[in-house]
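Undergrad: My structure is below; once you've seen it, I'll send some questions.
The values are calculated or read from the model by the stated rules, or taken from the named source; none is laboratory data. Here the structure is a predicted model, which means the values were calculated and not measured. When we count neighbours, we look across all protein chains shown, and the Cβ atoms used for this are built from the backbone with ideal geometry, even at glycine.
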Amino acid sequence: MTEDLGTLLSNGFNTWKRNLNICFPFIFNIFVNVIVAIIALIAIIFAVLMPLLYEIGISDPFTLFNMDEKELEAIIISAIPVISAHITEYLSIIVVIIIVSVIIMALVQAFFTAGAVGMAKSATGTGRTTLSDMIKFGKQNFINLLLAEIVIGLIILAGIVFVVPGFLAIDFTHGFSEKDFTSFALIFIGAFIWFIYALIISIALSVVQYALVIENLGPIDAISTGFKFFRNHKLDVFLVWLFIIAISIGLGIIGQIVGLIPYLNVIWFFVNMLISVVVIYPLMTLWWTRLYMSRTGMLIAEDLLSHPF
């Protein structure tokens, strides 16, 4: 038994209403990543800024808040030679901290994304889900999910070949000339083709993360399975993707309108974030999960009749 798209979206919405806890992975993801970012900033302050201030004779950084503009200018001028002398060391520390932070954030996001898909699978298949599903599916799949995302990112990055001819046609040794306008045109056209290529790849591999978690696949198998699913259900995948994009555009338009009203733009920022995390992201996850399970026969007739939501 296969649901039509309208029924699928409606049942996905009803599943969300009965399982509002599916928003927790997205909330946890934001919360943990904010903490990681704060820790990274503190690490940079203590590893770079504090030694720098000590080098120029400031042992208490809080004294900076009591200085006037001229005193701060003098501090900045005196810091320039120190920064120049230790630029490689400071940059190395900052780069290492940023790389470690990005890796941790990517792992955190992969864990909670896998957990959210796992919760959506349980909610779609049984009608209910708990946070234990998030932990279970997150632990099982976050490494494979991260690797799959890296591979997809590299596939999209391969589209850089479309802009290479334009750059190679520019003669950087003699400055820019009228001939270079053709090269810039090639770069622009190449960038546009790259954008279209990336868009097609994104749509074609939309269900990769869902296939990976739902069927507990490895990264390469998930990409292969996701692409095969797209080939067999192109219209369904495109329509769900288009529907989700339409919702995002609708929220963006509302944000632009509200942004014209003083003070409301700040309020809308938090309201939009709340709507996205509590409603949009969980619904997207449920719709994609239900689409995959429905079209691959994982939602059998008995399941749909006993707990359609």
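Undergrad: Only one of these conditions is not met by Leu217: (1) hydrophobic (A, V, I, L, M, F, W, C); (2) surrounded by 14 or more Cβ atoms within 10 Å (Cβ to Cβ); (3) assigned to a helix (DSSP H, G or I). Which number is it?
TA: The one condition Leu217 does not meet is (3).
Undergrad: Restricting to region 220-272, count the residues that are in contact (Cβ under 8 Å) with a residue 60 or more places away in the chain and in a loop (DSSP other than H, G, I, E, B). Step through it out loud before you land on a result.
TA: If we filter region 220-272 for residues that are in contact (Cβ under 8 Å) with a residue 60 or more places away in the chain, which is where we start, we get 220, 222-223, 229, 232-233, 236, 239-240, 243.
Narrowing the set further to residues that are in a loop (DSSP other than H, G, I, E, B) leaves 233.
Number satisfying all stated conditions: 1.
Undergrad: A further question on this structure: Does any residue of region 50-68 turn out to be assigned to a helix (DSSP H, G or I), loosely packed, with under 14 Cβ neighbours inside 10 Å, at pLDDT 70 or above and of a type outside the set (Ser, Thr, Tyr)?
TA: Checked against the condition, which is being assigned to a helix (DSSP H, G or I), loosely packed, with under 14 Cβ neighbours inside 10 Å, at pLDDT 70 or above and of a type outside the set (Ser, Thr, Tyr), region 50-68 yields no hits at all.
Undergrad: Same structure, new question: For the structure I just gave you, tell me whether Tyr197 is aromatic (Phe, Trp, Tyr), part of a helix (DSSP H, G or I), surrounded by fewer than 20 Cβ atoms within 10 Å (Cβ to Cβ) and in contact with a helix residue (DSSP H, G or I) (Cβ under 7 Å, 6 or more places away or on another chain).
TA: Yes.
Undergrad: Can we say Ser276 is part of a helix (DSSP H, G or I) and out of contact with any strand residue (DSSP E or B) (no Cβ under 7 Å at 6 or more places or on another chain)?
TA: Working: part of a helix (DSSP H, G or I): yes; out of contact with any strand residue (DSSP E or B) (no Cβ under 7 Å at 6 or more places or on another chain): yes.
Judged against the criteria, Ser276 is a match.
Undergrad: Let me ask you something else. Based on what the data block shows, is Ile253 under 18 Å from the mean Cα position of the chain (by Cα), aliphatic (A, V, I, L, M) and farther than 25 Å from Lys136 by Cβ?
TA: no
Undergrad: Give the residues of region 202-231 that are among the acidic types (Asp, Glu) and more than 12 Å from Thr296 (Cβ to Cβ), sorted by residue number.
TA: Hit for region 202-231 is Asp221, nothing else.
Undergrad: Something else about it: Return the only residue of Ile93, Ile99, Ile76 being under 32 Å from the mean Cα position of the chain (by Cα), assigned to a helix (DSSP H, G or I) and free of Cβ contacts under 8 Å to residues at least 24 places away in the same chain.
TA: Answer to the check: Ile99.
Undergrad: Using the structure shown, decide if Leu212 is within 19 Å of Met134 (Cβ to Cβ) and either touching a Phe, Trp or Tyr at 6+ places or on another chain (Cβ under 7 Å) or not in a helix (DSSP H, G or I) (or both).
TA: So Leu212 does not fit the description; no.
Undergrad: Let me ask something additional. Cβ-Cβ distance below 6 Å, separation of 6 or more or different chains: which pairs start in region 23-36 with a residue that is within 16 Å of Met119 (Cβ to Cβ) and end on one that is of a type outside the set (A, V, I, L, M)?
TA: Cys23/Pro282; Pro25/Phe112; Pro25/Gly115; Phe26/Tyr281; Phe28/Phe112; Asn29/Gln109; Asn29/Phe112
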